[in-house]
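The structure's right below; bear with me while I get my questions together.
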Amino acid sequence: MSEEMKSPNPGQPVGDVVKGDFATILVGLGTMLDGALTPLSKVVASALDSMTVVAHQILDGISTTLGDNNKQQ
C-alpha cells in the first residue's frame, strides 16, 4: 500500500529532470519572444520605409526651393 517516489524517467536522476524542465521553459520563452518580435520588426521596418519616403520628399522640396531661389538671383 505504500507509494513509491518515482522520477519521471526511470534511469534519470532528479536533478536532470529539473535541468530538462528549465531548458524546455527557456525554449518556450524563446519561441514566444520570437513570435512576438517578428511582427513587431515588420511594423518597425514598414515605419522606417515610410519615414524614408517622407524624408526624401522633404529633401526634394527643399532642393527645389533652393534651386528656384538660386536661379532668380
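Which condition does N9 not pass, out of (1) modelled with pLDDT under 60; (2) not in a loop (DSSP other than H, G, I, E, B), if it passes all the others?
(2)
Oh, and also: As an exercise: evaluate S46 against (1) over 20 Å from the mean Cα position of the chain (by Cα); (2) modelled with pLDDT of 90 or more and give the number of the one condition it does not meet.
(1)
The values are calculated or read from the model by the stated rules, or taken from the named source; none is laboratory data. The structure displayed is predicted, hence computed values, not measured ones.
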